[in-house]
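Below is one structure, written out as structure tokens; comments come after it.
The values are calculated or read from the model by the stated rules, or taken from the named source; none is laboratory data. Being a predicted model, the structure only gives us computed values, none of them experimental. Glycine also receives a Cβ, built like all others from the backbone with ideal geometry; neighbour counts cover every protein chain displayed. Please note that ligands, DNA and RNA were not included when accessible areas were found on the heavy atoms of the full protein model with its side chains. Shrake-Rupley method; radii C 1.70, N 1.55, O 1.52, S 1.80 Å.
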Amino acid sequence: MIRGGKLKEKISSYIDSELAIEEVDSIVDTLRQEPTARDDWFLYHLTGDAMRGQPAMDDGFSKSIITKLKTVKIDPSYDPLDESKI
Amino acid sequence: MTRLKSGVHSLPKQANMMCLSRIDLSYIGTFNFFIHSNVFRGRMDSSETDTDLDLVRRTKLGDRHTFDMLVVRHQRMLAQVISRYVKSPQQIEDVTQEAFIKAYRGIMSFRGDSKFSTWLYRIGVNAALSFLAAERSRIPLYEPSINPNTNEPIIPQIVDNESPERLLATQQIGETVSSVLEKLPEELRTAITLREIDGLSYEEIANVMDCPIGTVRSRIFRARESISKVLRPKLELFRDKRW
């Protein structure tokens with residue numbers, strides 16, 4: 001597994017959709033497994049959002065959404081933009 | 001090996017208008033490429049993957065954690081879109097959460113005809129409008145109070161959609177980022193600004209700054225890391241706290 005500054009640089013590139021295809025699998029695996037890598041993912045996005053003047057969400061906001069999502073299942077027949085089924 | 005260029009979501013308007021064509025293209029695994037449901041646009045001869053589309057594809061294949069990454073990636077922009085319709089901070093969070101849940105539940109219906117962010121924000125706007133419609137049906141019609149001294153109606157104050165805590169956090173984070181940016185070497189500041197504010201791709205930034213793409217990649221990372229080092233202690237990040 002890649003670590004250190006090289007890993008952080010690859011996370012930064014993946015955020016920008018500039019990571020080589022053959023490197024994506026290992027970075028996603030690392031993001032899934034390494035809390036420090038997820039912190040970098042969070043902080044690098046926060047940096048860009050702050051530069052664009054977007055509001056800071058409460059620290060636990062994404063965590064609460066993610067916790068809620070654990071109870072939700074993908075529904076192949078559901079289209080959230082189909083008003084008749086909302 | 002067929003490769004596709006990404007960074008589509010970050011292209012400036014002019015560059016987006018130059019997009020030439022769309023075909024379905026994606027891959028599974030590192031070298032096992034196959035036709036799937038991706039968006040392929042102009043600016044080709046590339047070797048990078050569109051991150052949103054990649055994360056959606058992985059979510060569709062059953063990896064729920066990759067949708068968590070999309071939540072972290074889009075939460076602020078989605079909340080900002082929703083805040084144009086919904087006013088209280090708690091309601092903004094509730095509607096934002098509802099929009100993400102709808103998006104996850106209906107992720108199979110996203111076919112890549114538009115950018116993922118566009119699809120998500122449409123869900124957010126619909127969720128906000130549904131919320132407002134439900135609120136209107138619950139709230140009695142407004143009857144203005146009369147000021148007994150002037151005998152004129154009292155105009156209610158517009159509710160600020162930013163809580164004091166969030167305003168403070170936004171201000172502090174913004175000030176921190178600005179402060180670090182000012183101290184960065186000019187080449188790092190220029191690279192991160194062209195990327196985050198102007199939305200240029202690494203290739204475009206390399207052309208502007210007359211340097212190799214690898215140098216752009218390094219400069220943007222070093223700028224982000226410099227800012228993150230200062231932000232990290234302020235945010236009191238803890239392991240396993242966020243996901």
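What fraction of the Cα pairs in segment A:2-73, stated in percent, has a spacing above 18 angstrom?
When every Cα pair of segment A:2-73 is considered, 48 percent fall beyond 18 Å.
Per-residue mean of other chain beta-carbon atoms within 10 angstrom of the beta-carbon, peptide B:55-65?
The shielding value for this peptide is 2.
What is the average number of partner chain Cβ atoms found within 10 Å of a Cβ in B:204-217?
1
Kindly rank B:185-194, A:43-52 from highest to lowest mean number of other beta carbons found within 10 Å of each residue.
My ranking of the peptides, most packed first, is A:43-52, B:185-194.
Note down the nm distance, to one decimal, between modelled labels 7 Å out along Cα→Cβ at B:Ser179 and at B:Arg64.
4.0
Rounded to a whole number, what % of the accessible area of segment B:61-117 do carbon and sulfur atoms account for, probe 1.4 Å? Write out the running numbers ahead of the final one.
Values: 940 of 1950 Å².
Carbon with sulfur: 48 percent of the solvent-accessible area.
Run the helix sum for chain A: -39,500 (n - 2.57) per DSSP H stretch of 4+ residues, divided by residue count, reported at 222 nm to the nearest 500 deg cm²/dmol. Show your work: numbers first, answer last.
Values: 4 runs with 51 residues, N = 86.
Result for chain A: -18500 deg cm²/dmol, rounded to the nearest 500.
Per residue of A:67-80, what is the mean number of Cβ atoms on other protein chains within 10 angstrom of that residue's Cβ?
Average per residue, whole number: 6.
Segment B:68-89: which residues show an accessible-area loss of 40 Å² or more, assembly versus chain alone, 1.4 Å probe?
Flagged in segment B:68-89: B:Met69, B:Val71, B:Val72, B:Arg73, B:Gln75, B:Arg76, B:Gln80.
Averaged per residue, what accessible area in Å² does segment A:1-52 show with a 1.4 Å probe, protein chains only?
Computed with neighbouring chains in place, this is 29 Å² per residue.
Calculate the length of the line joining the C-alpha centroid of segment B:47-119 to that of segment A:1-57, in whole Å.
If you average the Cα positions of each part, the centres end up 17 Å apart.
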